Structures are given as C-alpha cells and as structure tokens.
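Here is the structure we will look at, set down as structure tokens.
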Amino acid sequence: MKKDRLPLYQQIQDYIKALIHSSELKQGDRIPTEKELMELFNVSKITVVNALAGLVNEGAVSRVPGRGSFVNDMSMSALEPVEQTERSGETSLHRQLQEGNGRKLIGIVMPSIEDLFSIRLIEGIQQGLREKGYRSVIQLSEGNLEQEKQAIKLFMEIGVAGLLIFPIDEEQYNEEILNMKFSGFPFMLIDRFLPGVETDYIASDGRVGTQLAFDYLWELGHREIAICSDSPLQTVTVQERIDGYMNALKNKGAMINPAHIITDFKLGPLDAIQVHPLFRYVKNRMATAYITLNGKLGAHIYQMAEQAGLKVPRDLSIITFDDSTAIMEGVTAFTHVKQFEHEIGYKASSLLISRIHGGPEPQGNYTKILLRPELIVRQSTGPLK
C-alpha cells in the first residue's frame, strides 16, 4: 500500500512509530504536540486526536493531561507500521487469536469513530479492559443495521468473551442482539437502549442534560430557545433529549413551539451554508438560543451566524452536547453538556467483565446506569440583548 493512500491518522501513527523504531524517541520522551502534528501533516485537530487515541489504545504512548503524550516501554513487534503488517498478511486480530487470546478478547461495535465523544468513549473502554488483562477489536456499523448484525456474527464466530455495542436505533430490532440476550451471552449496550428489551445498559442522562442547558439559557433571559438534531434516525437518545426540552418548557409554564424543534435535515459542506434551510432560520433570528444534540452541529450554527452577520454570544447563544471546540479550528470554546464519555466506557468494560466472570445474570436482573451530565459554561452563551 502506498503511503499517500493510507488514512491520514494512520500516516501520523506510522510517523510516531518510525521515530520510536529509529530511537529518535525513547521511553519517556515526549512525542510531537498536537499543534506540531497538525502543521506537519496539514490536518485538523480531530485527525491528530484520533491518531493519538489509537497509539494510546495500542499501548505505544501514554497521555498526561496538561503535559502531552509520552513514549511507553514497548516491544518493537508492538510498533510494527501498518504497511509491514499488511504485507505479512496478518492483522492484529489474527495475531491475538493465534496467540490464544480469544478468551481475553472483547468485541466493540460502534457506528463510527469520527468525533471526540467516540474517541473518549473508546479510550475509557480500553483503559478498563487493559486493567483486567483484556484486549479489544472494533468493528464499525456505519449506522447500518445489516452491518451491525454482520459485526456481531463475526465476533461470535471468532469466539470473543463478550461484546460492547453502541447500537443502531431503528424500528426493527437487531435479531443478533435478541439472540445474545436469550442465550445469556455477555454483552452491554452503550449510549442507547432498545425499548422493551431488557439488557445491561449505560449512558449519560439525556433528559437531565437538556434540562440543564435549557434552564441555564432561561436564566440568561432567553425565551425563544430551539433544539436541533441532524440525526438521520429518530433515535432513543434524540427522543430523550427532546423529551427533556419539552419537560423544561412545561416546568417554566411556557408553551411548546413546534417550530423550535428542528430535526429531519442534513448538514451540507461549509461553502454551501447560505443555501441551507437552517441558515434562514438563524439569519432571521427566529430563535435567540440553540441547543444542538452534537458538537458538529453547534459548530455549523456558529458558522451560519457569522455568515449572517451575527455574533456569538452577543446576538445568539449556542449550547452543544459534547465539546465541539476541536471540530473547527478558530471556533470559540462552546458551552456544552459534558457526558463523561470516558467514564461511560470505563464503567461499561468493567461491568461486562464482571458479567463474564460471574456468568449470565438471571433474566430480569439487569444493570442500568445513567450518569448525570454536567453543564460546562464557556464562551458561546450570554445574556439576551
């Protein structure tokens, strides 16, 4: 495989591994900073964060908050560049199985790994698994129910010890999840649950998160508060957050304005912002504050406001779920609902391993964990002018 055909995050990982191989970086040395890697590879911060998260998961480096990332003490075989691994015809998964680690292997099914929420979630999972001597393999469903089914089937064929699943939300349940439930195979759902299907489940409390955001905006004097979601599916997570929004309105004795519940749209490229239907909504100041259900959407509304000649937070306020500061360089630090995704991942892996070692739980004895989110106030919110 030619280097320029490798994904950018893999090019960054191979660059760091090469520095370690050549002894330019030794155990305990600090690797290049995020900013240096962004400039060297001409990539966004999220790409660098993704690359470094992969190196942390492999055990090649350790991240120290506020200080940077440092080289671990690892065998050279653990630092094989991607190209060499592909030429040898082996994958990390094959090696683990050949070494007899199948019983210590956990499968992870995720829709994607393209934002800080997913990266931090996986970092938490990996930390919890490493502490118990387990390894993981990740399969991406890409938001497709059939791919989610195939990923679960693959893991069952491999013989993993258990599964952590960030499930697809559709009217038709995934039969593979139901089969695992009825057979007593250890698995846990993350962030979303399947209504009517009792399973182990962990997430941040979306209703509370939206209420925290709404109440803060209300205290700032805002009354025209919109909630926005660009999710292609009306997922359980989305519905819970909208429920929290409506409950917050009721608690204030305010009427629900359906026009302020903005869903069923897709984000387009940044150079087409002014033709997006949401742009007219922002420009005409139909709402003075927005709660967005993901960080990327919050960053897009920020850009729409700028192109409409509006200033954040002078003219409108934005609160996002998850910190979106790293999505677009130069965008202000957002007031956001912190969901403690690293803790969610860590607790999920710990509970799953306890299920594995303790055997299947009696039907009806399931653990549901809802972590209370926290509102982090930054620069994207201000009093109504």
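The values are calculated or read from the model by the stated rules, or taken from the named source; none is laboratory data. Because the structure is predicted, anything quoted here is derived from the model rather than measured. Using ideal geometry, Cβ is built from the backbone for each residue, glycine included, and neighbour counts are taken over all protein chains shown. Keep in mind that these areas ignore ligands, DNA and RNA; they rest on the heavy atoms of the full protein, side chains included. Shrake-Rupley method; radii C 1.70, N 1.55, O 1.52, S 1.80 Å.
Does Phe182 satisfy being over 21 Å from the mean Cα position of the chain (by Cα), aromatic (Phe, Trp, Tyr) and open to solvent by 50 Å² or more (accessible area, probe 1.4 Å)?
Judged against the criteria, Phe182 is a match.
Conditions first: (1) closer than 30 Å to Leu316 by Cα; (2) surrounded by 23 or more Cβ atoms within 10 Å (Cβ to Cβ); (3) free of Cβ contacts under 8 Å to residues at least 60 places away in the same chain. Ile165 passes all but one, so which condition is the exception?
Unmet condition: (1).
Can we say Ala326 is open to solvent by less than 20 Å² (accessible area, probe 1.4 Å), within 19 Å of Val238 (Cβ to Cβ), at pLDDT below 95 and within 20 Å of the chain's Cα centre (by Cα)? Show your work before the answer.
Working: open to solvent by less than 20 Å² (accessible area, probe 1.4 Å): yes; within 19 Å of Val238 (Cβ to Cβ): no; at pLDDT below 95: yes; within 20 Å of the chain's Cα centre (by Cα): yes.
Judged against the criteria, Ala326 is not a match.
Could you list, in sequence order, all residues of the stretch 128-162 that are of a type in the set (A, V, I, L, M, F, W, C) and in contact (Cβ under 8 Å) with a residue 60 or more places away in the chain?
Leu129, Ile158, Ala161
Output the number of residues of the stretch 329-364 satisfying the condition of being assigned to a loop (DSSP other than H, G, I, E, B) and either modelled with pLDDT of 95 or more or in contact with a strand residue (DSSP E or B) (Cβ under 8 Å, 6 or more places away or on another chain) (or both).
Counting residues in the stretch 329-364 that are assigned to a loop (DSSP other than H, G, I, E, B) and either modelled with pLDDT of 95 or more or in contact with a strand residue (DSSP E or B) (Cβ under 8 Å, 6 or more places away or on another chain) (or both) gives 3.
Residues to consider are Leu121, Leu163; find the one that is of a type outside the set (S, T, N, Q), within 18 Å of the chain's Cα centre (by Cα), modelled with pLDDT of 85 or more and not in a helix (DSSP H, G or I).
Only one candidate passes the filter, namely Leu163.
Is one or more of the residues making up the stretch 53-62 within 24 Å of the chain's Cα centre (by Cα), open to solvent by 50 Å² or more (accessible area, probe 1.4 Å) and under 21 Å from Asp323 (Cβ atoms)?
no
Looking only at residues that are in a loop (DSSP other than H, G, I, E, B) and of a type in the set (Phe, Trp, Tyr) in the stretch 177-195, which one is farthest from Ile122 (Cα to Cα)? So that I can check it myself, show each step before the final result.
Taking the stretch 177-195 and keeping what is in a loop (DSSP other than H, G, I, E, B), we get 184-186, 191-195.
When the remaining residues are screened for being of a type in the set (Phe, Trp, Tyr), the result is 185, 193.
Working: Phe185: 22, Phe193: 18 Å.
Once the filter is applied, the top-ranked residue is Phe185.
Counting only residues that are in contact with a Lys or Arg (Cβ under 9 Å, 6 or more places away or on another chain) and in a loop (DSSP other than H, G, I, E, B), which one in the stretch 58-78 is modelled with the highest pLDDT?
The residue in question is Ala60.
For the stretch 12-52, give me the residue count where each residue is surrounded by fewer than 15 Cβ atoms within 10 Å (Cβ to Cβ) and in contact (Cβ under 8 Å) with a residue 40 or more places away in the chain.
Selection size over the stretch 12-52: 7.
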